[in-house]
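Since the structure comes first, as structure tokens, the remarks are kept for the end.
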Amino acid sequence: MTRSPEILVLLLNTIILVLAYCVVYPRTVGADIAKLLQSDLMATATSLVVAGFLFWGTNQQFDLLLGEVNWFAFSLVTFLLMEIPFAVWYLKRFDISV
């Protein structure tokens, strides 16, 4: 069974976000907004590095509903959109005001 590249990137993003917000951040970040931003930057970079490892140089196009984009744009946009509910939940859970 072959997965579409979009599904593969979405699964990657889901795994990284669940591990980050449910396992890593509560143990290492807590309610420190500066550490949260730094850690989140690392999570985003991790997603991009892994997606790049998989799709760099393949000229694979990804369907982003509004048009076809490359792996970098698809990975970044979907990661940021998927992160919103996790971030809202985490900020409420640790009573962090922005």
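The values are calculated or read from the model by the stated rules, or taken from the named source; none is laboratory data. Values in this document were obtained by computation on a predicted structure and should not be read as measured data. Every residue, glycine among them, receives a Cβ derived from its backbone with ideal geometry; neighbour counts consider all protein chains shown. These area figures cover heavy atoms from the full protein model, side chains too; ligands, DNA and RNA do not enter into them. Shrake-Rupley method; radii C 1.70, N 1.55, O 1.52, S 1.80 Å.
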(1) assigned to a helix (DSSP H, G or I); (2) at positive phi all hold for Ala34 apart from (2)
Q) Does Val18 satisfy being of a type in the set (A, V, I, L, M, F, W, C) and open to solvent by 60 Å² or more (accessible area, probe 1.4 Å)? A) yes
Listed by first then second residue, the pairs whose first member lies in the stretch 28-40 and is farther than 17 Å from Met82 by Cβ and in contact (Cβ under 8 Å) with a residue 24 or more places away in the chain, whose partner is open to solvent by 60 Å² or more (accessible area, probe 1.4 Å) and not acidic (Asp, Glu), with beta carbons under 9 Å and at least 6 positions apart or on separate chains, are Ile33/Ser97; Ile33/Val98
Check: Looking at this structure, is Lys35 among the basic types (Lys, Arg), open to solvent by 40 Å² or more (accessible area, probe 1.4 Å) and touching a Ser or Thr at 6+ places or on another chain (Cβ under 8 Å)?
Finding: yes
ask   = Looking at this structure, is Phe74 loosely packed, with under 15 Cβ neighbours inside 10 Å, aromatic (Phe, Trp, Tyr) and part of a helix (DSSP H, G or I)?
value = no
Given (1) of a type in the set (D, E, K, R); (2) more than 23 Å from Pro5 (Cα to Cα); (3) touching a residue at least 24 places away in the same chain (Cβ under 8 Å), Asp63 misses just (2)
Cβ pairs under 9 Å, 6+ apart or interchain, first in the stretch 73-98 and farther than 16 Å from Lys35 by Cα, second among the charged types (D, E, K, R) and part of a helix (DSSP H, G or I), ordered by first then second residue, are Phe74/Glu6; Thr78/Glu6; Glu83/Asp40
Note on Gln60: of the conditions (1) over 22 Å from Val9 (Cα atoms); (2) open to solvent by 40 Å² or more (accessible area, probe 1.4 Å); (3) assigned to a loop (DSSP other than H, G, I, E, B), unmet is (1)
